[in-house]
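Reviewing the structure listed below.
Here, each number is a calculation from the coordinates, and none is a lab measurement. From a predicted model like this one, the values you see are computed outputs, not experimental measurements. Note that each Cβ is placed from the backbone with ideal geometry, even for glycine, and that neighbours are counted across all protein chains shown.
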Amino acid sequence: MPTIRRLPEHLVNRIAAGEVVERPASALKELVENAIDAGSTQVTVRLASGGLDMIEVTDDGCGMRPDEIALALERHATSKLPDEQIELVATLGFRGEALPSIGSVACLTIESRPHDAPEGWKSVVDHGEVTMDGPAALPPGTRIRVEALFAKVPARRKFLRSSRSEYAACLDVVRRLAMARPDIGFVMEHDGRRVLAVQPREELASRVARIVARELAEDGVLIGAERGPCRLTGVAGLPTYNRGVADHQYLFVNGRPVKDRLLTGAVRGAYSDMLARDRHAVLALFLEIPPEEVDVNVHPAKTEVRFRDPAFVRGFLVGALRHALEGAGQKSAQPPAGAAMEMWKVEPVRAPPVTPSLGTLFAREYGGPSARHEASRVAESGTVWRSYEADVMAQPSARAEPASEASEEALRYPLGVARGQVAGTYIVAEAEDGLVIVDQHAAHERLVLEKLKAAGAEEAMNRSQALLLPEVVDLEETACDALEDKLVDLARHGLVLERFGPAAMLVRAVPSVLSRSDVTALVRDVADDLARNGDALLLGEKLDLVLATMACHGSVRAGRALSVAEMNALLREMERTPRSGQCNHGRPTWVKLAHQDIEKLFGRK
């Protein structure tokens, strides 16, 4: 049997460093967080070769005395935990926690001076050994320099990426921390070139737009919601302003940048019926939650968190995002299609008060279930769904609008009055302030989806379709336990299950609109979702996707000729319907050219 031995101190430090310092960006994150926790108002970051050769972080915070510097270089020493309640930590980290780890795998130089001290102090640690201690001349604050990272650990050094890749990771770290603290100014330089500079005491929306994308100032909505002790703020991009990857989603919990699957899943759920599956929203969300409701110590770098009530957090985020996006009305991001339209400027429309004189595109007004719906609810599920189709998927009616609408009052509608149809696909309308072009299929697709929701179609979709022969699905025992705890909630969605032995579930019914799907795959997906998020979330999202698919198939197709009355009916319904600025897949439903933009196209201005 091998002999148990105690590892040498330098090897212990290197093992600890491996938990905290994976790459230059990891060390930079710890140093900038320390600067923020020190009460700084200005943080300056300098890099050389993406941080591989040098990382320097300078702040104007409280500074440290010589004895505090020495203590900060010892393992498990911190100034950020006044008592032993580690679950209530309110700072980004523990000052001194990362310093000995970084010093064990690099040459670490610390220079610091408190505001009330006549001079500063300097300590140098070269791969775990203190090589210098003495006075230093510097202004109040702290300056930390990391050089030759992993120079004496070649096994770690060779696994680092190129300087360009490491620089991108460092820039992402600083951008996230700069968004989290708009009250602090940040400057970042790479190889002598300034790549980021933001001023202190900046508004949150302005800071986010400056760092993430300037377009967010026009193509985003402000988030501000509270539920109980929780508060959510931030900026969310319109569905029509999206990306092909999710690298522009910035999530923060109590000011700490995190990468949490629950939060990203909530974002995906909030945009589920507004974005194509391969597109991703652009946003920055800041969640404030009582410290006892979240555990930030589940990861050494504190980039992951665990919530005490994940279902509440997810529901809060989804509700707040949807409410904010609905409040945007018909606003959408409308990028020009070609270089000739570079002068286009997006002009959001504002819906006018709904007047009884306006016709409707559908068989009834936008609102709750009609009396005929209530009567049909007692019928069979198939009959119910057909009644919904007949009512909410009706095509535009020529009776909805007068055949002629050319008065000045009509031109004041935000989307104007229809003048014609192009290629059987696009409606051309004249408004008081410009020319409006509407994609008839995309617009009607959104209107049908909103009508389905308002009509209570989701409730009809949640009705169960009993299986002729109940199906047995084999699962792990822990998955069966999780499903058994949620039997009532799943039944509300139309999925009726029973426990069938220790490692199997019996499926007796599925939601009627998912009756043709793979039952085994459906149950396993729901079980995986329960294990990941602690609640039956995926099933509801699947039903949302079915709603969107039904709306797409029930809407006016491109290529269909419409009368003037039908076109005007579509425009009026768009003005009164939430989120009509984008279709169910995140594409814009209309664009507008102001009069001055048209004049520029022809050289009149």
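Observations on the structure shown:
- Residues whose amide H falls under 5 Å from that of residue 53, counting only those 5 or more places apart or on a different chain, are 48, with hydrogens built in the peptide plane.
- R0 of 35 Å, Cβ-Cβ distance residue 293-residue 492: FRET efficiency to nearest 0.05: 0.85
- Here the gap between residue 6 and residue 191, fully extended at 0.36 nm per residue and compared with their Cα-Cα distance, gives a gain of 62.3 nm.
- Residues 41, 233 arranged by fewest to most Cβ contacts within 10 Å: 41, 233
- Less than 5 angstrom separates the built amide H of residue 467 from those of 509, 510, all sequence-distant by 5 or more or on a different chain.
- In order along the range 125-138, the phi-based Karplus estimate (6.51 cos²θ - 1.76 cosθ + 1.60, θ = phi - 60°) of 3J(HN,Hα) comes to 10, 10, 6, x, 10, 6, 9, 7, 9, x, x, 8, 9, 6 Hz; Gly and Pro are listed as x.
- Gain on full stretching of the segment that runs from residue 168 to residue 520 - 0.36 nm per residue minus C-alpha separation: 122.5 nm
- Using the Cβ-Cβ distance between residue 161 and residue 74 with R0 set to 45 Å, the FRET efficiency works out to roughly 0.90.
- Between amide H atoms placed 1.01 Å from N, distances below 5 Å from residue 65 occur with no residue 5 or more places distant or on a separate chain.
- Here the average projected area of the convex hull drawn through the C-alpha atoms of the range 204-327 stands at 7.3 nm².
- Linear extension gain, residue 148 paired with residue 49, 0.36 nm per residue minus alpha-carbon span: 34.5 nm
- Simple spin-label estimate for residue 423 and residue 136 gives 6.4 nm between the two label positions (7 Å along the Cα-to-Cβ direction from each Cα).
- Placing dummy labels 7 Å off each Cα toward the beta-carbon, the span from residue 225 to residue 432 is 3.4 nm.
- Here the range 462-535 is described by how far its Cα atoms reach on the three principal axes: 27, 23, 19 Å, from widest to narrowest.
- Inter-label distance, nm, simple model (7 Å from Cα along the C-beta direction), residue 503/residue 206: 6.2 nm
- Mean Cβ neighbour count within 10 Å, used as a protection proxy, ranking 162-175, 46-59 highest first: 46-59, 162-175
- Using θ = phi - 60° and Karplus 6.51 cos²θ - 1.76 cosθ + 1.60, couplings along the range 36-42 (whole Hz; Gly, Pro as x): 5, 5, 7, x, 6, 10, 8
- By the Kirkwood approach, averaging reciprocal distances over each pair of separate Cα atoms, the range 141-225 gets a hydrodynamic radius of 15.3 Å.
- Shape call, the range 122-180: gyration tensor on alpha carbons, a/c limit 1.5: oblate
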